[in-house]
Number of protein chains: 2
Amino acid sequence: MSPKSTQSSATPLAASVKALDWIDQIQWGADGLVPVIAQELGTKDVLMFAWMNKQALQKTAELGRAVYFSRSRQKLWFKGEESGHVQRVHDIRLDCDNDVVLLCVTQEGHDPSIACHTGRHSCFYQSLQGLDGKKEFGWASVEPVLKDPESIYK
Amino acid sequence: MSPKSTQSSATPLAASVKALDWIDQIQWGADGLVPVIAQELGTKDVLMFAWMNKQALQKTAELGRAVYFSRSRQKLWFKGEESGHVQRVHDIRLDCDNDVVLLCVTQEGHDPSIACHTGRHSCFYQSLQGLDGKKEFGWASVEPVLKDPESIYK
């Protein structure tokens, strides 16, 4: 019996190796992270962009709830832990190079939904003006604040 | 007259400073890059994820066509230069931290549209199976190849 066939028998060790396998297929960056895009189910709006480490992705898959890795705080960030703006996860996609993750989520906690810490629906609320050929470019906020951030983060 | 008010006068130098201003508002990474998400106009599908440096973003805005920075080739990548799968850019969004860009694009060159080098519509064609509570996770390709990559890249 080869080492390989031993590994595929149903020992607890083999089971744990298999469970981690899907995570190890991801091309993790040198910092142990992958970029993650969160897209809203239904509207298909891109809500936000963040990062995950292995543990964050494992938790996300197990809980069906978005768990990111906060680079500024250097720890797991259970999205909504302070704001209540939890993201339920319906689908987890991986790109062709195995190095970017796309989540399909329901953004909970407020109606209309708020994903951004500024109290806006989406983090991508700044739009480049001037693409109409005027060539005078500049950023403009084009989405309203739905809730005062001070009342979100007490 | 303060140096600041001199800068805002309409000299060629001041004009060029102003034109670059919107690019300098972006929080460029230590490697001089920002992550970029491309989303399709109409379907709102997330097509791909790539990177830009300042020059790539400047070209993208000026040409109204997606120009990325290829990290593997370390040079500008005019999306579609080989494949013909050019992306027309309708909107450029910036997130709340000024460090992620979202493009709204029309994916040209094939119908139905192909953004991925594998010949698929979107790069995010691998879906994590097992989120239904079975906890036996694994990636599965869930989108068809629309065109043989060998015939795309001659």
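Below, the figures for the structure above:
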quantity: Qualifying residue in region A:72-86 (condition: within 13 Å of chain B (Cβ to nearest Cβ) and at positive phi); calculated: no
quantity: Matching residues in region A:108-118 - criterion: being in contact with a Ser or Thr (Cβ under 9 Å, 6 or more places away or on another chain) and more than 8 Å from every other protein chain (Cβ to nearest Cβ); calculated: A:109, A:110, A:113, A:114, A:115
quantity: Check on residue B:36, under 9 Å from the mean Cα position of the chain (by Cα) and under 25 Å from residue B:121 (Cα atoms); calculated: yes
quantity: Any hit, region B:70-79, residues being closer than 24 Å to residue A:123 by Cα and modelled with pLDDT of 95 or more; calculated: no
quantity: Criterion (of a type in the set (Val, Ile, Thr), within 8 Å of chain B (Cβ to nearest Cβ) and either touching a Gly at 6+ places or on another chain (Cβ under 7 Å) or crowded, with 19+ Cβ neighbours inside 10 Å (or both)) met by exactly one of A:101, A:105, A:89; calculated: A:89
quantity: Close pairs from region A:33-44: first at the interface with chain B (Cβ under 7 Å from one of its Cβ atoms) and in contact (Cβ under 8 Å) with a residue 12 or more places away in the chain, partner surrounded by fewer than 21 Cβ atoms within 10 Å (Cβ to Cβ) and part of a loop (DSSP other than H, G, I, E, B), Cβ under 8 Å, at least 6 apart; calculated: A:35/A:99; A:39/A:45
quantity: Checking residue B:154 against (1) assigned to a loop (DSSP other than H, G, I, E, B); (2) more than 30 Å from residue A:63 (Cα to Cα); (3) open to solvent by 30 Å² or more (accessible area, probe 1.4 Å); (4) at pLDDT 95 or above, the condition it does not meet; calculated: (4)
quantity: Top-ranked residue in region B:120-142 [being touching a Leu at 6+ places or on another chain (Cβ under 7 Å), in contact (Cβ under 8 Å) with a residue 12 or more places away in the chain and among the aromatic types (Phe, Trp, Tyr); ranked as nearest to the other protein chains (Cβ to nearest Cβ)]; calculated: B:124
quantity: Selection count where residues are open to solvent by 40 Å² or more (accessible area, probe 1.4 Å) and either within 14 Å of residue A:149 (Cβ to Cβ) or acidic (Asp, Glu) (or both), scope region A:108-135; calculated: 6
quantity: Which numbered condition residue A:54 fails, given (1) open to solvent by less than 30 Å² (accessible area, probe 1.4 Å); (2) touching a residue at least 24 places away in the same chain (Cβ under 8 Å); calculated: (1)
quantity: Region B:1-27, residues that are modelled with pLDDT of 95 or more and either open to solvent by 50 Å² or more (accessible area, probe 1.4 Å) or more than 24 Å from residue A:141 (Cα to Cα) (or both); calculated: B:24, B:25, B:27
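The values are calculated or read from the model by the stated rules, or taken from the named source; none is laboratory data. Only a predicted model underlies this, so the values are computations on that prediction, with no experimental measurement involved. In this analysis, Cβ positions are derived from the backbone assuming ideal geometry, glycine residues included, and neighbour counts consider all displayed protein chains. We work out accessible area using only protein heavy atoms, side chains counted, and drop any ligands, DNA or RNA first. Shrake-Rupley method; radii C 1.70, N 1.55, O 1.52, S 1.80 Å.
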